[in-house]
Amino acid sequence: MRDVKKFRRSFRYAYEGLKHSLSTQQNMQFHFFVAFIVLILALLFELPKTEILFVLLSVTLVIVCELINTAVEKAVDLAMPDRHPLAKIAKDVAAAAVLVSAVFAAIVGMVVFYEPIDRLISRAGTGETVLTPGLIWTLISLVALTIVVVQTRFSDRRIPLRPSLLTAVSFAISTWIALLTGKTLIALLGYSLSIQLTFVLYDKRSRQLPALAIGAIIGTIMTVLAYFMIRNF
């Protein structure tokens, strides 16, 4: 009976640790958000069982490394409140573990999702949609205008919603490149530039990851909807 209570208590403590990390660590929130999107894409693309296992392995590895990184940071802060070279090394090594796992997850994602995305982009690029440069830039300007309206409309709320204008426009342009060319490699190159811009813009105080991610999602979704609406018109 004591073993059962001990197990339940340890399970509750572990769950509290997960909740604390998810509620206080922005990187963990970002990892969970990405994992949620990746798992939805895996279901939509109907990936085979083996590839889904690789996706789950990658997601689990990143989250575990982030949990360990958080534990190391808290332990180091408790043992050494002041700056110390050894404390910096401990934190840097723990962060490196997260980086290695994230790179592994990114490689797995590119390998697993390349063929489904290639088929999707190829089908989109075979349409006979007539799009002029003026229309495309007008639609990109509409994305920018939408972001400005959202920022203005929701900036005074208790939970302000301020999606990034630059990431929205950048991902809108990358999505147009993907849809118009129908070439997966070109699309990946375009999105890689947008992702690099996102990391360049990232700042914990002024430009947080949720704002950058929401801007990217709005720009991408609006472009896709505009493309298929025009195509079916």
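Can you tell me which of 8-20, 37-49 comes out highest on packing, and rank the rest after it, using the mean Cβ neighbours within 10 Å?
On the way: 8-20: 10.8, 37-49: 13.0.
So the peptides 8-20, 37-49, ranked by packing, come out 37-49, 8-20.
Give the cross-link partners of residue 91 among the lysines, using a straight C-alpha distance below 17 Å as the criterion and excluding same-chain residues fewer than 8 apart.
Cα-Cα hits under 17 Å: 74.
Report relative contact order for the chain in percent, whole number only (criteria: Cα-Cα under 8 Å, sequence separation at least 6).
Value for the chain: 18 percent.
Quick one: pull the percent of accessible area on the chain belonging to carbon and sulfur, 1.4 Å probe, ligands and nucleic acids left out.
For the chain, the apolar C and S fraction of the accessible surface comes to 69 percent.
Given Cβ point charges of +1 (Lys, Arg) and -1 (Asp, Glu) and nothing else, what value in debye, to the nearest 20, does the dipole of the range 1-59 about its Cα centre take?
Charge dipole of the range 1-59: 600 debye, to the nearest 20.
Lys/Arg Cβ at +1, Asp/Glu Cβ at -1, dipole of the chain taken about the Cα centre: which of 225, 113, 37 is farthest positive-ward?
Result: 37.
Sticking with the crude label model, points 7 Å out along Cα→Cβ, report the distance from residue 52 to residue 221 in nm, one decimal please.
A separation of 2.5 nm, rounded to one decimal place.
Consider the candidate values (i) 1.09; (ii) 1.04; (iii) 0.95; state which one is Rg/Rh (Cα atoms, Kirkwood Rh) computed from the structure displayed.
(ii)
Helix-derived [θ] at 222 nm for the chain: sum -39500 (n - 2.57) over DSSP H runs of at least 4, divide by residue count, nearest 500?
-29500 deg cm²/dmol
Residues of the range 65-87 with backbone nitrogen within less than 18 Å of a virtual label 7 Å along the Cα-to-Cβ line of residue 22, please, listed as ranges.
Only 65-71 pass the distance filter.
Please give the charge dipole size of the chain, origin at the Cα centre, charges +1 on K and R Cβ atoms and -1 on D and E Cβ atoms. Round to the nearest 20 debye.
Value, rounded to 20: 860 debye.
Taking 7 Å along the Cα-to-C-beta vector as the label spot, tell me the residue 77-residue 99 distance in nanometres, rounded to one decimal.
Going by the 7 Å Cα→Cβ label model, 2.1 nm.
Strictly greater than 20 Å: what percent of every Cα pair in the range 1-119 meets that?
Summing the P(r) tail past 20 Å for the range 1-119 gives 55 percent.
Against the longest principal axis of the chain, how steep is helix 209-231, in degrees 0 to 90 to the nearest 10, with axes from Cα atoms?
Approximately 30 degrees, to the nearest ten.
Determine which lysines satisfy two conditions relative to residue 6: a Cα distance under 22 Å, and not lying fewer than 8 residues away in the same chain.
Straight-line reach from residue 6, under 22 Å: 19.
So what is the relative contact order of the range 1-119, in percent, for Cα pairs below 8 Å that sit 6 or more residues apart?
28
When ligands, DNA and RNA are left out and all protein chains stay put, how many square angstrom of accessible area per residue does the range 1-119 have with a 1.4 Å probe? Intermediate results must be reported in sequence, preceding the final value.
On the way: 8650 Å² over 119 residues.
The answer is 73 Å² per residue.
The values are calculated or read from the model by the stated rules, or taken from the named source; none is laboratory data. Keep in mind the model is a prediction, meaning the values are calculated, not measured. Glycine gets a Cβ as well: all are built from the backbone with ideal geometry, and neighbour counts include every protein chain shown. The accessibility values were calculated without ligands, DNA or RNA, using every heavy atom of the protein model including side chains. Shrake-Rupley method; radii C 1.70, N 1.55, O 1.52, S 1.80 Å.
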